[in-house]
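Shown next, in structure tokens, is the structure this report addresses.
The values are calculated or read from the model by the stated rules, or taken from the named source; none is laboratory data. Note that the coordinates shown come from a computational prediction; the quantities given were computed from them, not determined experimentally. All Cβ positions, glycine included, derive from the backbone under ideal geometry; neighbour counts span all protein chains shown. Ligands, DNA and RNA are excluded from the accessible area calculation, which covers all protein heavy atoms including side chains. Shrake-Rupley method; radii C 1.70, N 1.55, O 1.52, S 1.80 Å.
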Amino acid sequence: MQAENQKLRESVDAYREVNFQFSKEISELNSLRSAELQELSKQKEKLFHMEAELARVKSKFVIFLRNREMPKMETSGSVEVSDKLTEAIGEGLPELISYGNSCVEDISDYYGFKSEEGDSSSITVSHSLDNLQGVLGPDERYSHVSNRTKQSDLLRDWNKYVAAHGSGAVGSDCDLHLPRSAELKNLIRCGIPNEYRSRVWKMCIRHWLKDAQDVDYHEILKVHEGVSSPAIGQIELDLLRTLPNNIYFDNQEAKGIEKLRRVLVAFSWRNPDIGYCQGLNRLAAIALLILEEEWAFWCLVAIVEKIMPKDYYTKNLMSSQADQRVFKALLHQKASRIAHHLEDCK
């Protein structure tokens, strides 16, 4: 009996020793696994930052190439830039990235918006205009092709539609008169090519204003030349705040500042009850990127007087604030997670 007990004790001690060794090995394996997970997490974070950096460089490089294709954006140093770009491509991607980072700050897109260092996610007005179909639902014909092919196909379809239903070929300055139809609606939602955008906007302005363009824009400015008003002072304060990242509005000598000033001043005299309120400057500036000065004025008139609800643009912005409250309530109802996230970001 004692011999059996002694044997059992020895077996228990042996199992304990084995169990201790196994536990030690398991502990070491867990430590190794924990260290590997931490290293993996660091590598994933590093990869994330590298992908973000790559996306930023790609975005700037695309903007660079796009502006190289636009004749209106060429500068006296374009030959030098082209030579450096070719040399950088020949030497490899690191040199291309280095050169791109050094010169991309001064590059602007088709509508004059400057690329911002370190901000590959910024959405400019021009991108919004060019990619409006992404918001409204693209036509399936353009959903699986490159952007350049998409633009080419869009221009082809617009040429066909204008030739069949309207007047004035691409490049013409004559007015467009297109019948309202489901096909036109679909074309607009897919995107308006740059070649037609100004003329289509003018067509829409004429539709909304009809006979309201009875007052001469230049006559308004001439009659009130030298006359002061509270609105003019506020307009002067907001001119450089309008589109500070656009080459046409980024300083007092920029080409668009004087035009923007005249449009807003003329509008304040046409609508003395409104005069000027925040928000009108951005509407006018965006219109000036697409239209001539007088048409930008009438575009602003159409939006404020015809399209938006009455008293939407007032000195106290009451209707605008109500609009924001309605949007906030809808966001909580339809996308509560986003609404809570935005509140946490305050």
(request) Go over the candidates Leu47, Leu8 one by one and state the one that is open to solvent by 100 Å² or more (accessible area, probe 1.4 Å) and at pLDDT 75 or above. (result) Leu8
(message) Among the residues in the stretch 258-270, are any closer than 24 Å to Met203 by Cβ, open to solvent by less than 50 Å² (accessible area, probe 1.4 Å), under 22 Å from the mean Cα position of the chain (by Cα) and in contact (Cβ under 8 Å) with a residue 60 or more places away in the chain?
(response) no
